[in-house]
Structures are given as C-alpha cells and as structure tokens.
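Please treat every number below as a calculation from the coordinates, not as lab data. Everything quoted here is computed from the prediction, not taken from an experiment. Backbone-built Cβ (ideal geometry, glycine too); neighbour counts: all protein chains shown.
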Amino acid sequence: MSGSLQRYANRAFDSIRTVKATFNTFGYAPGSVLFQMGRTTVLCAVSLQQGVPSFLKGKRRGWLNAEYAMLPTSTCVRSPREIVKMRRNGRSSEISRFISRCLRTIVDFDALGEKTIVIDCDVLQADAGTRTACITGACLALRVAVEKWIANGVIESSILKDSVAAISVGVLQGQPLLDLDFSEDSKVDADFNIVMTKSGELIEFQGAVEGIPISWEQFEKVRSLAVCGIEKLFVRCDALLSSNKKDSEKRDKKQSGSLFSLKNRLST
C-alpha cells in the first residue's frame, strides 16, 4: 500500500481493528455485551418478552426485533435525543431493521414459541462501523442469552442455527481497505457493509459508490477482504466467549466453595 494511504496505528489494508468484549454489563438482561472495534463502542443487550406481533399470533412462532440508537455524545458534536424531537431518526430506523433481519436469519422461531427476542443496541462512541459492530456484538449477546435461557429452563435447547458477524470494506484511491474507521469512511470512493454466517454464507451485502466508480476486479477484492475479515472476527469472538465461559465457571466454583465453607461453619 502506498505511503499516501497510511492508516491509523499503521494498520495493514487487510487488518481489522482491535476487538474487545465485556460480558454481563447489564444486571437484568440475560445477555449483554460491551463490544468494541477499535474506538467504536456499542452496548448490546438481549431480553425475551411474551407474545409476538399481531401477524404471528396463533402461529406458535417467535420473533426478533432490534432497536438501534446513538447516545447524544457518541460523536464529536452532540446530537439531541430522539425523544426531544418527538420523532424517530430515519437512519436509526433503517439500521434497526438491518440488524433485525440479519439476526432473524439464524434463529429457529418454531422452537422459540410465541415469544419475542428484543435486542437493544446503543452506540456509546462512534468511529465508523457502528451498524456492523452492533450486529457482531448483538450476536455475542444473543449466544450468551440462549445459554442462560437453557440453563434456567426457559427453552429446552438452542434456538440458534448459526452465528453472524459483519464488517465494512471501502475503496480509497483504488485500494480496498478492511474495517474502516471514521477518517477513512468519510473520504472513501466506495463503502460496503457485509454480513455473513459462521458457516460462510452471505446474509447481506450493502453499499454504494460515492466517488470514482470501481471495477469488477476491485469489487472482487472487496468481497475477498470481507470474507477474510469476518473469518478473523469469528475467531476472535469465539475466543472471547470461551474466556468468558471459563471466568463464569471459576466464579461459580468460588461462590459454591464459599457457600460450602459457610455451611460447615454454621454446622459446627
């Protein structure tokens, strides 16, 4: 890559930003994740409600709905809350639908019954890629919630058919770039958001050219970069989930040991 296209922190054109996840950030939500991709930080929480939309009543099938919102100070310039304007932001509505339909592809609604999964995605800090970060973070939170629902007898077995992750790819001066930050996203000639399953299937490929048209050869490079980036995301996310599970088991074991010791002391 030419020196004129040097990226923040000297990232290579095919590298993703640092991925971090803090689990169980909400006390009441069965699954919640503070998810970070570089400086973009989103909070994803999953809950389960009885009942479904009217068009599904009596069909013994579940549903999933996501809500996306940006906090007022998630960007450099504060934006007023939507409630102040008394109307929903068009961008928030579009991204909410985007997240919803992507997550619906991996849920077995017949096994869920007439219940609705609600996923709240709040952007705490935006440095581009908020919608893709929300999809990946929401899937992590959903995987945690499903395990908890099984453990608590809410559902009998997993309702997940697969996992999803999403990434952005842009083209700047003819060079495809993976996982754009804001400084890149604001000046690329083409910008794409790609969502895929862990099994390698495509869920959604959205984007457009805003500057110089790109060639089909460049488009193929965009596709290849997206596949590579999402594979890296799944490896990282699986490692984060595994680490969280081990930490939870250690906490449960420690608590169980403390309770056993307390019972012994009380019995003497």
Inset, instruction - Along Cα→Cβ, 7 Å out, is where each label goes; now give me the distance between the ones at ALA239 and LYS187 in nm to one decimal. - result: 3.1 nm
Inset, instruction - Quick one: angle between helix 130-151 and the longest Cα principal axis of the chain, in degrees between 0 and 90, rounded to 10, please. - result: 20 degrees
Inset, instruction - Per DSSP H run of n ≥ 4, the term is -39500 (n - 2.57); total these for the chain, divide by its residue number, and report the mean residue ellipticity at 222 nm rounded to 500 deg cm²/dmol. - result: -12500 deg cm²/dmol
Legend entry - Where no second cysteine Cβ lies under 4.7 Å, the cysteines concerned in the chain: CYS44, CYS76, CYS102, CYS139, CYS228, CYS237
Inset, instruction - Once you've got the Cα coordinates, tell me which of LYS59/LYS245; LYS59/LYS148; LYS59/LYS250; LYS161/LYS246 are over 32 Å apart. - result: LYS59/LYS245; LYS59/LYS250
Legend entry - Residue pairs, from the table LYS232/LYS253; LYS20/LYS253; LYS20/LYS57, whose Cα atoms sit over 30 Å apart: LYS232/LYS253; LYS20/LYS57
Inset, instruction - For the chain, find the longest principal axis of its Cα atoms and tell me its angle to the long axis of helix 216-267, 0 to 90°, nearest 10. - result: 20 degrees
Inset, instruction - Using per-residue counts of other Cβ atoms within 10 Å, averaged over each peptide, order 133-140, 209-216, 228-235 from highest down. - result: 133-140, 228-235, 209-216
Inset, instruction - Output the peptides 238-245, 12-19, 49-56 sorted from most to least packed, where packing is the average of other Cβ atoms within 10 Å over each peptide's residues. - result: 12-19, 238-245, 49-56
Inset, instruction - Find how much the distance from THR25 to GLN173 grows on full extension, using 0.36 nm per residue of separation minus their present alpha carbon separation; answer in nm with one decimal. - result: 49.2 nm
Legend entry - Pairs of alpha carbons in the chain whose separation is greater than 28 Å (percent): 41 percent
